[in-house]
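The block underneath contains the structure these notes are about, expressed in structure tokens.
The values are calculated or read from the model by the stated rules, or taken from the named source; none is laboratory data. Since we're looking at a predicted model, the values are computed, not measured. Every residue, glycine among them, receives a Cβ derived from its backbone with ideal geometry; neighbour counts consider all protein chains shown. The accessibility values were calculated without ligands, DNA or RNA, using every heavy atom of the protein model including side chains. Shrake-Rupley method; radii C 1.70, N 1.55, O 1.52, S 1.80 Å.
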Amino acid sequence: MKVIRILTNAPAGIAQSCFFTITFLSLLTPALALEGQVGIHDPSTIMKCDGKYYTYGTGGTALVSDDGWVWRAGTRATRTGAAPDVIQIGDRYLQYISHGTFIWSKSLDPESPDYQWHDGKNAFGMEGENDFMNPIDPGLFLDPTTGKLWVVYGSYFGYLRVVELDPDTGERVDDKSYNVAVNCEAATIIHHEGYYYLLATHGSCCAGSNSGYNIRVGRSKNVTGPYIDNMDIDMMLGGGKLVCGSRTRLIGPGHFGLIDEGDGVQKFSLHWEADLDRSGSFGILDILPLLWKDGWPVAGQHFKAGVYEIESVRTGSALEIAVEGVPVGGGRGGARGLGGRRGGGGGATTVVPDQDVAEVSVNWPKGDIDIRMAIYMCQAQQKWSVTPAEGAGGYLGGPYFKITIAGTDRALAAIEGGELVSVPEFTGAPEQLWRIDQLTDGTWRIMPKSIPNTDEKMALSAIGHSFATLEKYDPDSEKQRWIFNLP
Amino acid sequence: MMISQWNFHRSLGVVWAASLCLGITVVSGSSANDHETFILTPQSAQKAPNSDGFIQLWHLLEPISASGETQNAVQATVKTEHFPGQFTVVPKDGDKVTVNGTELTWHDVDTNKYNINLYYFAQAHRKSPSGALFWAVTVINCPEEMAGVRLAVGSNSASVWWVNDKEVIGIYGNRQTVVDDGISKRLTLKKGRNVIRGAIVNGSGAADFCARILDREGKPLKNFTIHLN
């Protein structure tokens, strides 16, 4: 968040008028973007508290969601400012705001008896008259290897700086500080496989579709730096490998906040400076998968609705309903001596049409049909339409999907005992709703919203070579990793 | 379909006739020390699964002529009643049935491999392994009820499998035997006797199958015994 340093720490309501006016829009959003009221600039790392999700933004904006997909206006914290960040430590939620303002509460739910923001001591700020930095945009990091709490802060001009905080009191530990980057903002630190990663936002905010915001990263063996990018350029010299830039019709990503869902599923919160499908409006909350490639974090993607072959990483075979496949047609081509013609020789090339599911499904059983795996042969029983289930809600960063045989209403469903079947008609029942999460290697995990007669969470799993089932998710196994291939 | 071991061995000059003289024990190889045993005469009517959990003791019926490896063709083949009690019988060695006017014999077989080689079994009984339907039956005895387990099979080519008279697996098409190719849904084995029945349909060339039970974690189950009677 680019804010000049005349901002002061002020109670909610007063500071708000000093900030950009944020237009909160409750729009019927296009598919695969968060739904509901998602207008926010500089969202804090999303926190889960008593089953709900919370984020706080610049100017006192607060958003809350029951499922992480549909959002609505939340309750302003007692102190607001620019680009706050929140972290949970023990039974407390610590919120740091611009210029080191620090408040804490035991709950983020205003309905909870534990909800009360307490003022803490200022934790950081400018260090002297000529300090070359802008002490806003805090990003909090609890080091999993040491238990130490750090905050990195700074914005727009000057340095990004790291100082240590006391995780018990939230206060600054000492007067040591470490400059780790320059002329960027909205930073945070994460730890991954022995490295500390400093994620910061380069470019400029607050110009809508003309904003050059983009999220960059450098890494270090020490939390205090130096943070070096993939081209060996220190972030103190402007370095930073791209994590997330503008894409599709979304412009200006900023304010990375890690959400580790466990089991190898990582996501991050951010805002887009402009979403061209939402009037190019200013500050739109989003949640994207976080992938890791060659030791570097990379933004994943929202699942894109469409028709796919669903391929098992483990077996390389495709999910299908257990019906007799019909060859897609065409000549045998290229096989001299087998009665075919060599490809390209002789007659004119023709396009073999896609299999007509209406035609081949005539012979399929009318009731439930088992699910299995087979080599992909471009056949109708192997092509799945994956689309958001309208009005079915979602999960953190995604809507529930219905998965049907393309061109039919025959739907993939979980059944009692943790097995699978295809039912002749999609009804919207929870066992027919599917959660699709991109994993850190870019493959996908597919989980039913519920399984009849059990609360156990399971994921679509390839077992053996030719069968699929539901099993407890094992992040170390390829059994539950899937690839969506365009047919 | 891959080139069968039989054709390969034949090219090496396997003394095939000699193996036939050994009954259903097939020996191949180019020297006395270079042989493999695929099908054995059981030395006992009871056996534990091997170290990888494979079930090695079976009743096999000499092959029935059959064609078609697709799902519909195989289902039609195996659902046709070829002989009385085909879905219920637990035969004894030497029992005979008549199929389409041809008398066929049940044989008890054992192996020290993971799989039962139907190609050699058919050859040993002077039957064609191609265009053939093989019936296989065995009984496993469980010390206690075992819930959440799965039957896991591989077959060359298509096959359909039943556990305690319930159809649990169907794998179709021209396929190689791959360990744990077809897996049943979770099932419960009773304490005591459980009957496993398979019907394997082979188009041409190599023919074999393997079967084992997987526990809840997908690991081979070994705490049961296999019985021929």
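Take segment B:164-183 and flag every residue that is within 13 Å of another protein chain (Cβ to nearest Cβ), in contact with a Ser or Thr (Cβ under 8 Å, 6 or more places away or on another chain), open to solvent by 30 Å² or more (accessible area, probe 1.4 Å) and part of a loop (DSSP other than H, G, I, E, B). Quick ask: steps written out before the conclusion?
In the first step, residues of segment B:164-183 are kept if they are within 13 Å of another protein chain (Cβ to nearest Cβ); the result is B:167-183.
Now restrict to residues that are in contact with a Ser or Thr (Cβ under 8 Å, 6 or more places away or on another chain): B:168-175, B:177, B:181-183.
Those left that are additionally open to solvent by 30 Å² or more (accessible area, probe 1.4 Å): B:168, B:172, B:174-175.
Passing the criteria: B:Y172, B:N174, B:R175.
Of the candidates A:G254, A:G225, A:G240, the single residue that is within 14 Å of the chain's Cα centre (by Cα) and under 21 Å from A:D85 (Cβ atoms) is A:G254.
Scanning segment A:216-231 for residues that are over 19 Å from A:Y159 (Cα atoms) and either among the charged types (D, E, K, R) or surrounded by 18 or more Cβ atoms within 10 Å (Cβ to Cβ) (or both) yields a single hit, A:K221. Selection of segment A:197-214 for residues being under 22 Å from A:K293 (Cα atoms) and polar (S, T, N, Q) yields A:T201, A:N214. Residues in segment A:208-215: is at least one open to solvent by less than 60 Å² (accessible area, probe 1.4 Å) and either assigned to a strand (DSSP E or B) or under 21 Å from A:F132 (Cα atoms) (or both)? Yes, the conditions are met somewhere in segment A:208-215. Of all residues in segment A:138-154, those satisfying the criterion of being open to solvent by 70 Å² or more (accessible area, probe 1.4 Å) and out of contact with any Asp or Glu (no Cβ under 8 Å at 6 or more places or on another chain) are A:P144, A:T145, A:T146. Quick check on my filter: what residues within segment B:148-187 are more than 21 Å from B:R216 (Cα to Cα) and of a type outside the set (V, I, T)? B:S155, B:N156, B:S157, B:A158, B:S159, B:D165, B:Y172, B:G173, B:N174, B:R175, B:Q176 - these are the residues of segment B:148-187 that are more than 21 Å from B:R216 (Cα to Cα) and of a type outside the set (V, I, T). On the stretch given as segment A:443-465, residues that are modelled with pLDDT of 95 or more and in contact with a Phe, Trp or Tyr (Cβ under 9 Å, 6 or more places away or on another chain) total 12. Filtering A:I451, A:I415, A:I463 for residues that are within 14 Å of another protein chain (Cβ to nearest Cβ) and in contact with a Pro (Cβ under 7 Å, 6 or more places away or on another chain) leaves a single hit, A:I415.
Condition check ((1) of a type outside the set (K, R); (2) in a strand (DSSP E or B); (3) touching a strand residue (DSSP E or B) at 6+ places or on another chain (Cβ under 8 Å)) across all residues:
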position: B:N112; (1), (2), (3): yes, no, yes
position: B:Y120; (1), (2), (3): yes, no, no
position: B:K127; (1), (2), (3): no, no, no
position: B:L133; (1), (2), (3): yes, yes, yes
position: B:V137; (1), (2), (3): yes, yes, yes
position: B:E144; (1), (2), (3): yes, no, no
position: B:G148; (1), (2), (3): yes, yes, yes
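Within segment B:184-229, the only residue that satisfies the criterion of being outside any loop (DSSP other than H, G, I, E, B), away from chain A (no Cβ under 14 Å) and more than 23 Å from B:V109 (Cβ to Cβ) is B:G192.
Rundown of residues vs (1) on the phi > 0 side of the Ramachandran plot; (2) touching a helix residue (DSSP H, G or I) at 6+ places or on another chain (Cβ under 8 Å); (3) modelled with pLDDT of 95 or more, yes/no style:
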position: A:C206; (1), (2), (3): yes, no, no
position: A:I215; (1), (2), (3): no, no, yes
position: A:V223; (1), (2), (3): no, no, yes
position: A:P226; (1), (2), (3): no, yes, yes
position: A:D229; (1), (2), (3): no, yes, yes
position: A:G240; (1), (2), (3): yes, no, yes
position: A:G254; (1), (2), (3): no, no, yes
position: A:G257; (1), (2), (3): no, no, yes
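Please determine, by comparing only the residues of segment B:88-117 that are among the hydroxyl-bearing types (S, T, Y) and surrounded by 12 or more Cβ atoms within 10 Å (Cβ to Cβ), which one is nearest to B:I39 (Cα to Cα). Full working, then the answer.
Taking segment B:88-117 and keeping what is among the hydroxyl-bearing types (S, T, Y), we get B:88, B:98, B:102, B:105, B:111, B:114.
With the extra rule that they be surrounded by 12 or more Cβ atoms within 10 Å (Cβ to Cβ), the set shrinks to B:105, B:111, B:114.
Working: B:T105: 16, B:T111: 5, B:Y114: 11 Å.
Of everything passing the filter in segment B:88-117, B:T111 is nearest to B:I39 (Cα to Cα).
Among the numbered conditions (1) more than 14 Å from chain B (Cβ to nearest Cβ); (2) among the hydroxyl-bearing types (S, T, Y); (3) crowded, with 17+ Cβ neighbours inside 10 Å, the only one that A:Y376 does not meet is (1).
Residue count for segment B:27-70 under the criterion of being outside any loop (DSSP other than H, G, I, E, B), open to solvent by 30 Å² or more (accessible area, probe 1.4 Å), farther than 17 Å from B:D93 by Cβ and modelled with pLDDT of 95 or more: the result is 1. Of all the listed residues (B:A207, B:A158), the sole one being open to solvent by less than 10 Å² (accessible area, probe 1.4 Å) and under 23 Å from A:V421 (Cβ atoms) is B:A158. Look at B:A158 and say whether it is within 14 Å of chain A (Cβ to nearest Cβ) and more than 21 Å from B:L189 (Cα to Cα). Judged against the criteria, B:A158 is a match.
Answer with yes or no whether A:G128 is over 16 Å from A:G170 (Cβ atoms) and either modelled with pLDDT of 95 or more or open to solvent by 20 Å² or more (accessible area, probe 1.4 Å) (or both). Yes.
Candidates in segment A:466-487 are the residues that are assigned to a strand (DSSP E or B) and within 12 Å of another protein chain (Cβ to nearest Cβ); of these, the one that is surrounded by the fewest Cβ atoms within 10 Å (Cβ to Cβ) is A:E471.
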